[in-house]
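Structure first, commentary second.
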Amino acid sequence: MNTSTQALQHTLLDQICEAWLKLQQHQPLVHIMTNAVASNYVANVVLAANASPAMIDNPFEAESFAKIAAAINLNLGTPTTEQVQAMHIAAETAHRLKKPWVLDPVGYGTVLHWRSNTVDQLLNSHPTILRGNASEIGALAGKRIESKGVDSTINSADVYLQAQSLLAHCDCVAISGESDYIISRDYPVIQVSGGSYLQPRVTATGCALGALIAAYSAVSSPAIAALAAHVHFAIAGQRAFERAPQLGRFNVAFLDEVHQLNTESIRQYANFQILPGAV
Amino acid sequence: MNTSTQALQHTLLDQICEAWLKLQQHQPLVHIMTNAVASNYVANVVLAANASPAMIDNPFEAESFAKIAAAINLNLGTPTTEQVQAMHIAAETAHRLKKPWVLDPVGYGTVLHWRSNTVDQLLNSHPTILRGNASEIGALAGKRIESKGVDSTINSADVYLQAQSLLAHCDCVAISGESDYIISRDYPVIQVSGGSYLQPRVTATGCALGALIAAYSAVSSPAIAALAAHVHFAIAGQRAFERAPQLGRFNVAFLDEVHQLNTESIRQYANFQILPGAV
Amino acid sequence: MNTSTQALQHTLLDQICEAWLKLQQHQPLVHIMTNAVASNYVANVVLAANASPAMIDNPFEAESFAKIAAAINLNLGTPTTEQVQAMHIAAETAHRLKKPWVLDPVGYGTVLHWRSNTVDQLLNSHPTILRGNASEIGALAGKRIESKGVDSTINSADVYLQAQSLLAHCDCVAISGESDYIISRDYPVIQVSGGSYLQPRVTATGCALGALIAAYSAVSSPAIAALAAHVHFAIAGQRAFERAPQLGRFNVAFLDEVHQLNTESIRQYANFQILPGAV
């Protein structure tokens, strides 16, 4: 690690701490449209981080609520006709008002054409941050993916170089997987490590991460928001696993840890690397 | 506390115990239409209290199910067109059959006009109990509220005097917050204390409380139903926090405690006051 | 227990172990349309068993997803117009492609006519396995049932003989209750015991069992799939209760145990009987 990389790493760590402090201070209102599987868990994770989630996903209230929200998270897990209408309205509102919003294209590519077309249209409203697993982001970046439902079948490390092309449509791309990658124009690619192998065995963790990114995007720049949320999740996952390595108890402990994070634990446990080749 | 206040307090405590015993005995069927975030949690809380929840929220079955239910709970958290149709049908059915029903006007006032108009119409079917946080009840009572999503931004104590005007539309108003207030024509205002500061950090606790009030309303008078449900919640929250002061574990312990309540713990932990000035 | 019954019991135990091993190995993609109350819990249970759930319940993607799924689970708990359209498409696709699918007719009979008619139509696509509680299966088999919401009011033992008539519409009928019954043309009626009295106090356990049966049906014959899933659930419920006899903690422990099952614990704890009179 050369000196400038080391300096950047320190700067980023400071910025993560600052983002977390601002999140606690402002408790931003996050307008969330997410899937039926995820909604309870997502709300609980966002509340645990001390932000303020509100799931408003009907087309009749989408515009007025998007206007008062500090950030927006749209997740395509189980779309309905009304919810998709609401998403278009919220995305356009966010774009018009330069409000940060996070797009989570669950199941993109694969055989799920309706949502994939919806995602393609939503990209016209220029999401601030595009977050997904490697299959979804890979498919968006034009890679042919073999599909297995909505979970990723390819490795995040195989996708992050191609994902740079997606910066034409957004300010930041965040890929979750065994390692996470944060891609932006502001920094070299940042790889986030940590978490637990149990996390993919709990449903909707990716969806909750997307909502947490949105919460952070209300108080920091896109790349720092994605980085801070990923580090928050990775630390909580790692510490929860240390205490509770059984699936059910892990998930309970994970909420404890999302809630108990502080700048001390961020400084002690944050595990991210700047990828030099990817500058 | 003068003698008659003391006597009333004892009477109310007896009635809470009786309501709880009847709930265990009858395990009433509660017809619930609630939001996507809350539905799993609400069902689990109602089951934990030994009542029998059923979420039937389509317009094609709303009338027939409302007819066989012992009580109904309508919650405006994430309305859809079909669900709102079903709510109107259920409310009218309940009104016609003089069946107790609880209206939870989530997000009322604020910028959420569709649901607010829906709530205004539902009031024509005279809900038995209107329950909400201070922002919602305050807005319904005509107070100008600054909105922050669906969580309350004002204090419950600032609202309960104005809330008396809402008794024109219902038999009882229940306001939840740091302290809870039960307002009816039958008793002076009753203030319920207890719970835990972690409760607002768990999503849908207010929604679950609304469903629990509906369950109790099947076996007792409106004001006693609201009081018993609030005391049930407050004791469970307080005891859960004593055992498990971390967010994830608190929520698990809360379900344990909702389930384990009995008349002995009601008598030991119930914490409510009659507000003399508010008679 | 005569010799041939004993031999069959041993064979079945081997087949349960084999089904579990195949489930771990193939982690089949299960296409699930379930109710709003259940979706998070169902996904977590299926993930805990190491299968791969995906909730795709819109009519625009139902056919393409049914084609790539290994098995399908349709659950009528909280139908919407769009979801019912999607169910018809998925059922027809499964039938055409001879793909295993599980029908869970939540609330069948009773006063819930819309869903009951939907179930009657779905039976034309010949579900591989029909699973429900005794009230639902009894009503399907023509028994008059007194209704109390969506929970069963009659005993599973009173229904399993009549349920044999339902084999005209499916390959296997699975009835859950205090005891569970697996009815097929391949074996005598099998009774599964175990679980915990707390299970009916956790919402959506039956719904999760239906999805788990679907997962097993991707890797084994209908009767073995139903048997293996019921035994999996019964062991997890029993062991969870031994460790955690309080409602909230029981539910957490149950997920631990669903995840930690292995062939050793299957052989040690599986508790099922072949009912000789029912051959």
How far is residue A:168 from itself in the other copies, in nm, if each label sits 7 Å out from Cα along the Cα-Cβ line, shortest first? 6.1, 6.1
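Based on the alpha-carbon gyration tensor of chain A and its eigenvalue square roots a ≥ b ≥ c, which shape applies: rounded if a/c is under 1.5, prolate if not and a/b is larger than b/c, or oblate?
Details: a/c = 1.31, a/b = 1.21, b/c = 1.08.
Rounded.
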If each label sits 7 angstrom from Cα along the C-beta direction, how far apart, in nm, is residue A:267 from its counterparts in the other copies? 5.4, 5.4
Once amide hydrogens are built 1.01 Å from N within the peptide plane, the residues lying 5 or more places from residue C:189 or on another chain with amide H under 5 Å from its amide H are C:275, C:278, C:279
Please report, for residue B:9, the nm distances (one decimal) from its label point, 7 Å out from Cα along the beta-carbon direction, to the equivalent points in the remaining copies, shortest first. 6.3, 6.3
Would you mind working out the magnitude of the charge dipole of chain A relative to its Cα centre, with +1 at each Lys and Arg C-beta and -1 at each Asp and Glu C-beta, to the nearest 20 Debye? 80
Dividing the mean separation of Cα pairs under 8 Å (6+ apart) by the residue count of chain C yields a relative contact order in percent of 20
Amide H to amide H under 5 Å from residue A:106: which residues, 5+ apart in sequence or cross-chain, H placed 1.01 Å off N in plane? A:76, A:77
If the limit is 18 Å between Cα atoms, which of B:67/B:98; A:22/A:67; C:22/C:98; A:67/A:99; C:22/C:67 go over it? A:22/A:67; C:22/C:98; C:22/C:67
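Run lengths n ≥ 4 of DSSP H only: what is the helix-derived mean residue ellipticity at 222 nm for chain C, with -39500 (n - 2.57) per run over all residues, to the nearest 500?
That calculation yields -15000 deg cm²/dmol at 222 nm.
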Compare A:32, A:89, A:72 in a GNM of chain A, Cα atoms joined below 10 Å, and give the one with the largest fluctuation. A:89
Helix by helix through chain B, keep the DSSP H runs that span 30 Å or more along the axis on Cα and average at least 0.5 on Kyte-Doolittle, and give those back in order. B:222-243
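Where a ≥ b ≥ c are the square roots of the eigenvalues of the C-alpha gyration tensor, would you call the stretch C:64-114 rounded, which needs a/c under 1.5, or, failing that, prolate if a/b is larger than b/c, or oblate? Working shown, then result.
Details: a/c = 2.65, a/b = 1.92, b/c = 1.38.
The shape class here is prolate.
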Cα-based shape type of the stretch C:1-132, given that a ≥ b ≥ c are square roots of the gyration tensor eigenvalues and the cut on a/c is 1.5: prolate
Under 5 Å between amide H atoms, partner at least 5 residues away or on a different chain: which partners does residue C:71 have, H built in plane at 1.01 Å? C:31
May I ask you to list the chymotrypsin sites (Phe, Trp or Tyr not before Pro) in the stretch A:171-218 that are in a DSSP loop and have at most 14 other Cβ atoms within 10 Å of their Cβ? A:197
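How much FRET efficiency would the formula 1/(1 + (r/R0)^6) give for residue C:8 and residue A:178, where r is the Cβ-Cβ distance and R0 is 51 Å, rounded to 0.05?
Details: r = 45 Å, r/R0 = 0.87.
Rounded to the nearest 0.05, the efficiency is 0.70.
Could you list the trypsin sites (Lys or Arg not before Pro) in the stretch A:51-107 that lie in coil according to DSSP, counting only those with at most 15 other Cβ atoms within 10 Å of their Cβ?
Those that pass, being in a loop and sparsely packed, are A:98.
Within 10 Å of each residue's Cβ, count the other Cβ atoms and sort B:47, C:209, A:166 from fewest upward.
Arranged by neighbour count, lowest to highest, B:47, C:209, A:166 become A:166, B:47, C:209.
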Give me the inter-chain shielding for B:82-94: mean count of other chain Cβ atoms within 10 Å, whole number please. 1
Which part of the stretch A:206-242 falls in the paramagnetic zone of residue A:260, meaning amide N under 11 Å from the point 7 Å along Cα-to-beta-carbon? A:239-242
Only loop residues by DSSP count here, and only those with at most 14 other Cβ atoms within 10 Å; note down the trypsin sites (Lys or Arg not before Pro) in the stretch A:183-279 that meet that. A:185
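Bear in mind that the values in this text are calculations on the coordinates, not laboratory data. It should be emphasised that the depicted structure is a prediction, and the values quoted were computed from it without experimental measurement. Neighbour counts are summed over all protein chains in view; Cβ atoms, including those assigned to glycine, are modelled from backbone coordinates with ideal geometry.
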